[in-house]
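Peer 1: This is the structure, below, for whatever I ask next.
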Amino acid sequence: MREPDFLARTRVSYDSIAAEFAGWIEDELAAKPLDRAVLGGFAELAGRGLVADIGCGTGRVTAHLHRLGLRVFGIDLSPNMIAQAIDRYPDLRFEVGSMTALDVADGSLGAIVAWYSIMHVPPDRLPAVFAEFHRVLAPGGHLQLAFPAGEGLVHRTDAGGHEVSLDFHQWHPDEVAGLLREAGFEERARLVREPDEDGKYAETTRQAFLLARKRDAV
């Protein structure tokens, strides 16, 4: 089966910027206390099961959750991003994979974090991604999402001097919550914060953080 175009474009784009991106993003969490608070709450709820950081990039969130005591590993579409993650955090597990078809057994994960990774998924593909998250989570398992809040699409053709083709989909939290309900999740919490407008990690849009839970089997 032919790979969807958005996956190929996203992989090639991140492969081309992986080294520069790793250096730029490394200290982002240190500059964002509310983001760290969200991850801290998720870590307390995640329990002792295996946790997947899906769309892990260069591994900074994976490593942060590991320091918080979770048994966590990272998955990313880009081989070069995974290579950067392995180089920076050699004691952690990272593997190449796609959130559209996870190489993970049914019900084997205690929790999932998808931190700014669903933003590259076209709207018509997002229900299938949430269905895949639901498949691999154990009943009662938590899912933590982070994504730009808003409407519409931002397309970038340049990043750090590299030619890319990246789509950034903005989502209204109510819309995402509705899709999660349809996939078998229940919303547990959400936070929407205003953009950080200054400094190295300045933003132009509001940021949403949505925590959901896979409903227990009946």
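The values are calculated or read from the model by the stated rules, or taken from the named source; none is laboratory data. Quantities reported herein were computed from a predicted structural model and do not represent experimental measurements. In this analysis, Cβ positions are derived from the backbone assuming ideal geometry, glycine residues included, and neighbour counts consider all displayed protein chains. Side chains are part of the model used for accessible areas, which takes the heavy atoms of the whole protein and leaves out ligands, DNA and RNA. Shrake-Rupley method; radii C 1.70, N 1.55, O 1.52, S 1.80 Å.
Peer 1: Scan the stretch 76-130 for residues that are assigned to a strand (DSSP E or B), more than 27 Å from Gly41 (Cβ to Cβ) and touching a residue at least 60 places away in the same chain (Cβ under 8 Å) and jot them down.
Peer 2: If the condition is that a residue be assigned to a strand (DSSP E or B), more than 27 Å from Gly41 (Cβ to Cβ) and touching a residue at least 60 places away in the same chain (Cβ under 8 Å), then Ser98 is the only one that fits.
Peer 1: Quick one: count up the residues across the stretch 142-165 that are touching a Lys or Arg at 6+ places or on another chain (Cβ under 9 Å) and either exposed (fewer than 15 other Cβ atoms within 10 Å of the Cβ) or over 20 Å from Ala208 (Cα atoms) (or both).
Peer 2: So the count comes out to 2.
Peer 1: Separate question: So which of Phe130, Phe209 is modelled with pLDDT of 95 or more, aromatic (Phe, Trp, Tyr) and closer than 21 Å to Arg36 by Cα?
Peer 2: So the residue among Phe130, Phe209 that is modelled with pLDDT of 95 or more, aromatic (Phe, Trp, Tyr) and closer than 21 Å to Arg36 by Cα is Phe209.
Peer 1: Within the set of pairs 6+ apart or on separate chains, which have a first residue in the stretch 1-20 that is open to solvent by less than 60 Å² (accessible area, probe 1.4 Å), a second that is among the small types (Gly, Ala, Ser) and part of a helix (DSSP H, G or I), and C-beta atoms under 8 Å apart?
Peer 2: Qualifying pairs under 8 Å: Ala18/Ala83.
Peer 1: For the stretch 167-177, name all the residues that are closer than 15 Å to Phe130 by Cβ and either aromatic (Phe, Trp, Tyr) or open to solvent by less than 10 Å² (accessible area, probe 1.4 Å) (or both).
Peer 2: Within the stretch 167-177, Trp171, Val176, Ala177 qualify.
Peer 1: If the Cβ limit is 8 Å and pairs must be 6+ apart or interchain, which residue in the stretch 38-67 that is free of Cβ contacts under 8 Å to residues at least 24 places away in the same chain pairs with which residue that is in a strand (DSSP E or B) and open to solvent by 10 Å² or more (accessible area, probe 1.4 Å)?
Peer 2: Pairs that qualify, where the first residue is free of Cβ contacts under 8 Å to residues at least 24 places away in the same chain and the partner is in a strand (DSSP E or B) and open to solvent by 10 Å² or more (accessible area, probe 1.4 Å): there are none.
Peer 1: Run Leu180 past the list (1) exposed (fewer than 15 other Cβ atoms within 10 Å of the Cβ); (2) in a helix (DSSP H, G or I); (3) in contact (Cβ under 8 Å) with a residue 24 or more places away in the chain and report the number of the one that doesn't hold.
Peer 2: For Leu180, the failing item is (1).
Peer 1: Here is a further query. Against the definition (assigned to a loop (DSSP other than H, G, I, E, B), in contact with a strand residue (DSSP E or B) (Cβ under 6 Å, 6 or more places away or on another chain), open to solvent by 50 Å² or more (accessible area, probe 1.4 Å) and on the phi < 0 side of the Ramachandran plot), how does Asp198 come out, yes or no?
Peer 2: Against the criterion (assigned to a loop (DSSP other than H, G, I, E, B), in contact with a strand residue (DSSP E or B) (Cβ under 6 Å, 6 or more places away or on another chain), open to solvent by 50 Å² or more (accessible area, probe 1.4 Å) and on the phi < 0 side of the Ramachandran plot), Asp198 does not qualify.
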